[in-house]
Amino acid sequence: MSRMAYYDSPVVTRTRSVTPLTPEMSKILPYVSNKTVSRHFSSNGRSMDVGHAKNYFNPASKTVYSRYSTNDWGVSNNMNFGLSDRERSHAERLRADAWRAVKETDARTRNRQNEVTRKLGERVCDIAHWKSEINNEINAMQHETENLKEYRRMLEKAYNDTTSPLHIAEECLLHREKRNGIDLVNDDVEKSLSKEVTIIKRCQGRMKKLLEKAYVQLKMNRAAQHNLEIDSKDKHHAQGLDDRMQQLRNSSAGIGYYPGIENVDNTITIPHSWARYSEENIMRSQKERAASERLRGEIDGCLRACASEMWNIFNGVNNAFNTRVRETTDARNKLQAHLQRTMQEIFDMERNIHLLRKAIQDKENPMKVAQTRLDERTRRIHVEICHDPVMKSLTREVNEIRESVRLLKEKLKSCELSLARLVKTKATLEHDIGVKENSIRIDSQYCLGMRKGFPMDPKVGPIFQMPTC
């Protein structure tokens, strides 16, 4: 047979009150000093006696006593009987009301406790839900922060690697200042190099700004993640506490009285503000995460744009160098060809001068012969001094030889002047060839030697793994 619960007993028995008579209860209950029945029939608090006692003389004791009549005795008994019945009926009603109050309060207490337990369970579910949302956002923020750190590392590496091409471009400009003479021109190579320096510095400025933005964004990400971690830690603590309180029962150990605890209100939020706080933390984290993703997109776009611009200007400068070296080489080759022809012409001119000088020298003996003949014929006497055809021929011969010598000397002078100009031209060509060779050496060996490959570290990322010439 199953054991009957305390509140399930159908039998109403009269038991002694378990409530002890405390000083407080003694103050509440009335104190009856006169135990006679007549005290119970007072309507205005004054004593009312039943009947009228008569005086009787007792001969034995020789005293006078007050005695009630038989009717008074019967009336008193009947009054006591009625009083007992009324008090017992009142007591039974009180016990029934008390039992009903016990049942009602017990049911109300159980219902309230079950409702509180249910609400604690709902609260635990709410905390678990927000805790899960917060932890998911923390994981997402951690992943985004790691991605942003990686992008910042790539950006820093790319920024540091731009110093090498900038140094090379500036070195090329400095090397080209060593060109000589007419080769110090503001050609396409110099313009392209200046443009390359400008582009690299502009890319460095963009990268530096993005590095500063990434540094600030990482701080914002850490701040948002820190708030989420604090909120998650608080919710973990609250979840454990409320879950423990949900499991607490009347038979659990560790329960006790805490007088006045119901009057302590240390709450600082309401359910709406509590949920709003976590929602705002998540919204802030999502906002910072979106900003971080946009920043990563900007970094990626900046790296791609800078790599494309630097690669294009690198190829443009190299093409300009190759074109300039080819033009300078062609000019040098042409100058060398002209130099060869000039040197050949100098050789021919020197031989021609030698021939002219020999020809002039060769005119000396015929001149001597002619003049000697004329001189000897002047020694003819008398009529033999005749202006004969021989005289005319000798005179014409001397004049012709003199004219020939004059003409040959003029030609010799012209040839000598031409030879001097040819020698000067030869020196000019040789100097210009030296200038061209110096320019070719600077452009092909010094400048293009430093620009054989794209001066970027391919380990930075696939964005800089460009093909090289």
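The values are calculated or read from the model by the stated rules, or taken from the named source; none is laboratory data. Computed from a predicted model, the values in this text were never measured in an experiment. Note that we place each Cβ from the backbone using ideal geometry, even for glycine, and neighbour counts take in every protein chain shown. Ligands, DNA and RNA are stripped out before the accessible areas are found, and what is left, the full protein with its side chains, is counted by its heavy atoms. Shrake-Rupley method; radii C 1.70, N 1.55, O 1.52, S 1.80 Å.
Numbers for the structure displayed
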read-out	value
Candidates 228, 303, 210 - the one that is touching a Cys at 6+ places or on another chain (Cβ under 6 Å) and closer than 25 Å to residue 141 by Cα	210
Residue in the range 213-224 that is under 20 Å from the mean Cα position of the chain (by Cα) and of a type in the set (Phe, Trp, Tyr) present	yes
Where a residue in the range 162-175 is part of a helix (DSSP H, G or I) and its partner, wherever it lies, is of a type in the set (D, E, K, R) and open to solvent by less than 20 Å² (accessible area, probe 1.4 Å), with Cβ under 7 Å and at least six apart	168/451; 169/196
Selection count, the range 103-125, where residues are touching an Asp or Glu at 6+ places or on another chain (Cβ under 8 Å), more than 17 Å from residue 276 (Cα to Cα) and either without any contact (Cβ under 8 Å) to a residue 40 or more places away in the chain or open to solvent by 70 Å² or more (accessible area, probe 1.4 Å) (or both)	0
The range 394-405, residues that are loosely packed, with under 13 Cβ neighbours inside 10 Å and either at pLDDT below 85 or over 12 Å from residue 371 (Cα atoms) (or both)	403
Breaking point among (1) more than 42 Å from the chain's Cα centre (by Cα); (2) open to solvent by less than 70 Å² (accessible area, probe 1.4 Å); (3) at pLDDT 85 or above; (4) not basic (Lys, Arg), for residue 391	(3)
Residue 355 being modelled with pLDDT of 90 or more and open to solvent by less than 20 Å² (accessible area, probe 1.4 Å)	no
Inter-residue pairs, beta-carbon under 7 Å, first open to solvent by less than 70 Å² (accessible area, probe 1.4 Å) and in the range 66-83, second in a helix (DSSP H, G or I), 6+ apart	76/37; 79/37; 80/37; 83/37; 83/40
Criterion (hydrophobic (A, V, I, L, M, F, W, C), buried (at least 19 other Cβ atoms within 10 Å of the Cβ) and farther than 30 Å from residue 326 by Cβ) met by exactly one of 158, 140, 128, 169	158
